[in-house]
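Just so it is clear, none of the values below were taken in a lab; they were calculated from the coordinates. Source: prediction; values computed, not measured. Every residue, glycine among them, receives a Cβ derived from its backbone with ideal geometry; neighbour counts consider all protein chains shown.
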Ligand code: ADP
């Protein structure tokens, strides 16, 4: 049976444990670093009944400790100071990874009193604990001056160490989230830079290219039968360039959400046939065959003809481009519940599993751009998927390396979900 004093100690301990648990829950649910540090300070002074508290974090570059938060009116100023690892109490705690209690700070040579002088504060006693993540110290939390001039107890050391353990995990989490947010922000900025570049480049290239195409066509017309092969090459290359610029413009439209759908009730079989016919010349040049399969009855969908045709053209020309000579390409149209499924399968080189999703990213190409044999900028599939998604559809790729690839896209027969309102179901 515990004695009277140990009984009240025990009660106090239980109360403090409960409080630490509550605080720990609050800490782990806070990802805002500033707020979190303030919560830790408040908890530290509350649990140890002290006048002030501060948190220092290790700065890897400067290899010293930096005040990141402190209680009291001088906290802003304190945040500017650094504490060396050698010759300071915080440094000793950090390096030893053990808590430390100094009853008479003024008499301890390790007390870094420069900070006291600068912020006009009188430190009498200090209790500090390391902020540990497993065995690694990331900083130190210190509480200063017990209220009513009381002395620190062993219980205070335990409580502060426990709080520091929870605080360290919460700080690390918040820092990770911060770093992630920063990386994400940077990515967004890069993305914007890329989009701006595409916008400017496509705009600036269009005008001179229009002139080249115009004059080259005029010269060809004037030359009539005398037209020479070199002029054809100029025209052909200029048309290719126009295709690339169109890709850039299309992509920009999808990104900015400016692409609007011109919906009409489309005969999907007819659309597939037209696109296949348009691509026949390309396939024939490589001695490839394109076969087609259609359901027994016509399939209609509310869709934008130009955009669906563009999506299918991009996928089909890829199949032709990447499949070697004499290859085979199969285009199939299916009607499934309220959806139309269009797939393009080839017996080309296939795509590694790890790239199956990434090929839909802008500018992503499986082979490095500089060494690859095929032309293109890596925009075709992202445009195709963009066009399909504008319709509320989805698009993906399946493949077996060495066997071939299959690209499938699905469109809702009633058009994009929001556009379906007020429109008659088909
Ligand atoms: P591009 O064709 O201009 O490179 P895309 O966005 O159309 O850009 O395609 C991205 C990448 O996906 C291609 O560079 C290629 O590596 C891969 N790819 C696309 N279609 C096929 C296919 N049918 N077979 C093999 N690889 C393909």
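At a glance:
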{"quantity": "Estimated distance in nm for a label pair at residue 242 and residue 361, the labels positioned 7 Å out from Cα along Cα-to-Cβ", "calculated": "3.3 nm"}
{"quantity": "Computed P(r) (all Cα pairs; the stretch 162-258; 10 Å bins; percent)", "calculated": "13, 25, 18, 15, 11, 8, 6, 3, 1, 0"}
{"quantity": "Relative contact order %, the chain, counting alpha carbon pairs below 8 Å whose residues are six or more apart", "calculated": "10 percent"}
{"quantity": "Mean-position separation - Cα centroids, the stretch 324-388 and the stretch 156-184, in angstrom", "calculated": "45 Å"}
{"quantity": "Computed over the stretch 126-267: relative contact order in percent, which uses C-alpha pairs under 8 Å that are six or more apart", "calculated": "18 percent"}
{"quantity": "Packing-based order for 210-216, 310-316, using average beta carbon neighbours within 10 Å, highest first", "calculated": "310-316, 210-216"}
{"quantity": "Whole-Å semi-axes of the stretch 160-215's equivalent ellipsoid (Cα gyration tensor)", "calculated": "54, 5, 4"}
{"quantity": "Hydrodynamic radius of the stretch 43-145 per Kirkwood, over alpha carbon pairs, in Å", "calculated": "13.4 Å"}
{"quantity": "Radius of gyration, Dmax [the stretch 293-386; alpha carbons; angstrom]", "calculated": "14.7, 46"}
{"quantity": "For the stretch 109-185, Kirkwood radius (reciprocal of mean inverse C-alpha pair distance, Å)", "calculated": "14.6 Å"}
{"quantity": "Stretch gain in nm, segment residue 134-residue 179, where the contour uses 0.36 nm per residue and the Cα spacing is subtracted", "calculated": "14.2 nm"}
{"quantity": "0 to 90° range, to nearest 10: angle between helix 4-28 axis and the chain longest Cα axis", "calculated": "20 degrees"}
{"quantity": "Separation between Cα centres of the stretch 271-305 and the stretch 199-261, rounded to whole Å", "calculated": "25 Å"}
{"quantity": "Net length gained if the chain between residue 211 and residue 186 were fully extended (0.36 nm per residue, minus Cα distance)", "calculated": "5.2 nm"}
{"quantity": "Crossing angle, helix 380-390 versus the chain [Cα axis fit, 0-90 degrees, rounded to tens]", "calculated": "80 degrees"}
{"quantity": "Fraction of alpha-carbon pairs over 24 Å apart in the stretch 232-335 - percent", "calculated": "35 percent"}
{"quantity": "For the stretch 1-74, fraction of C-alpha pairs farther apart than 15 Å, in %", "calculated": "66 percent"}
{"quantity": "Computed lengthening from residue 63 to residue 218, 0.36 nm per intervening residue step minus Cα-Cα distance", "calculated": "48.7 nm"}
{"quantity": "Cα principal axis extents for the chain, largest first, Å", "calculated": "107, 52, 45"}
{"quantity": "Folded to 0 to 90 degrees: helix 229-256 orientation relative to the chain principal axis, Cα", "calculated": "40 degrees"}
{"quantity": "Ranked list, fewest to most other Cβ atoms within 10 Å of each Cβ, for 132, 163", "calculated": "132, 163"}
{"quantity": "Spin-label model distance (nm) - residue 12 vs residue 336, 7 Å beyond Cα toward Cβ", "calculated": "7.0 nm"}
{"quantity": "Pairwise label distance in nanometres, residue 80 with residue 106, each label 7 Å out on the Cα-Cβ vector", "calculated": "2.7 nm"}
{"quantity": "DSSP beta bridge pairing in the chain, given as percent antiparallel to the nearest 5", "calculated": "90 percent"}
